[in-house]
Structure formats: C-alpha cells, structure tokens
1. Please arrange 19, 145, 91 by counting, for each residue, the other beta carbons lying within 10 Å of its beta carbon, fewest first.
2. How would you rank 146, 135, going from fewest to most other Cβ atoms within 10 Å of each one's own Cβ?
3. Taking R0 as 35 Å, what's the FRET efficiency between residue 146 and residue 58 from their Cβ-Cβ distance, rounded to 0.05?
4. For each of 109, 121, 115, count neighbouring Cβ atoms within 10 Å of the residue's Cβ, then give the residues from fewest to most.
5. Starting from the Kirkwood Rh over alpha-carbon pairs, what translational D in µm² s⁻¹ does segment 2-115 have by Stokes-Einstein at 25 °C and 0.890 mPa s?
6. Compute the length gained on full extension between residue 153 and residue 137: take 0.36 nm times their separation in residues and subtract their Cα-Cα distance, giving the result in nm to one decimal.
C-alpha cells in the first residue's frame with residue numbers, strides 16, 4: 001500500500017508516521033498542499049490512497065485536490081479537517097470522503113481499507129497468465145468495488161491481446177460479467193453446471 005499524506009501539523013505528522021509504520025504502509029509525507037501536488041506529479045500512478053488535510057499554508061487541501069484531479073489519473077483522496085463546514089467544498093473539489101478531526105486510528109484504518117479496494121487484472125501473454133492488482137479508474141468504479149465487497153464479491157478484468165471484458169466473481173456456479181467492446185457494455189449472468197464448473 002502506497003499512501004500520500006498531506007499534513008502541516010508536526011504533532012499529527014508524528015502520529016501519522018507511527019500509524020503508517022505500524023500498519024506497514026509505504027508513505028510519503030508532505031507538509032503543505034503544494035508539496036503534496038508535487039509528490040503526486042513526480043510519482044504518477046504510485047499512490048493507492050491520499051490523506052489530505054484541509055487547513056494548510058500556501059496551498060490548502062481543497063486547492064491541492066483540485067490540482068491532483070486536474071493533472072493526474074484517479075486515486076482515492078480523503079479530506080480531514082476539524083471544521084465540518086469544509087465538507088461540501090471538499091466533495092465538490094473531488095475528494096471521495098470527508099473525515100472530521102480528531103479521528104481515531106480505527107476510523108482512519110477503516111477509511112483506508114474501504115477506499116483502497118482494487119480490481120484484479122488477468123493478463124494473458126503467449127506463455128503465461130498474470131494476475132495483478134489494478135486501480136479503480138474513477139469514483140464510479142470505486143463505488144462499484146465497494147458495493148461488490150459488501151457482497152463478498154471481487155471484480156476481475158480479463159485483458160486479452162485485442163479486447164477486454166470484466167468478470168464479477170459471484171455466487172457458486174454463476175458468473176456475472178460485463179462484456180465491453182466499442183464503447184458498449186452488455187451485462188449477463190452465466191449459469192455453470194455444478195457437475196462441470198469449467199463449462200458455461
């Protein structure tokens with residue numbers, strides 16, 4: 001897990017460092033919004049999650065979020081502030097969730113786990129098949145992943161040489177999948193034979 005933290009308060013920085021080390025997360029710590037944006041730009045595609053303080057000098061968390069959303073591929077951002085009045089502004093800027101300070105380690109870890117859900121990419125080559133973690137493409141897909149997780153489901157993306165489609169692992173002997181081609185999506189359920197689960 002690679003996390004970007006934007007926080008100017010030295011005491012909270014120490015607190016966050018201790019938590020990230022305890023949870024064995026890799027992290028970069030920025031002291032203001034401008035530094036956070038630079039970290040994100042210089043490490044494009046690296047971060048799985050961002051914890052963004054709102055009240056920071058120079059460039060605040062709302063401005064930093066706007067810049068990240070404008071310049072970079074999507075990754076989840078959670079805004080934190082002692083002022084609940086910032087909530088609507090943060091959501092409008094593109095954050096995925098707002099947490100009011102002070103927050104407990106349990107609350108923080110729950111938010112990280114909830115928003116860092118990933119689809120699995122199944123890539124086929126000439127000699128091997130690789131299964132790797134992908135990243136949600138946008139907030140809509142992240143919400144889909146969260147809903148699937150609540151049903152104990154996982155999203156798989158099967159990527160071929162000239163096409164791709166999405167498979168949702170579903171209940172026993174059934175597969176729910178979306179075929180994607182030429183910008184169109186077709187959702188279907190496939191029944192599998194209990195005696196021959198490999199055959200649809």
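Where a number appears in this text, it was derived from the coordinates with a stated rule and is not lab data. Note that this is a predicted model, so its numbers are computed, not measured. Glycine gets a Cβ as well: all are built from the backbone with ideal geometry, and neighbour counts include every protein chain shown.
1. 91, 19, 145
2. Listed from fewest to most nearby Cβ atoms, that is 146, 135.
3. Between residue 146 and residue 58 the formula returns 0.55.
4. Neighbour counts put them in this order, fewest first: 109, 121, 115.
5. Stokes-Einstein gives a translational diffusion coefficient of 179 µm²/s.
6. Full-extension gain reported as 3.9 nm.
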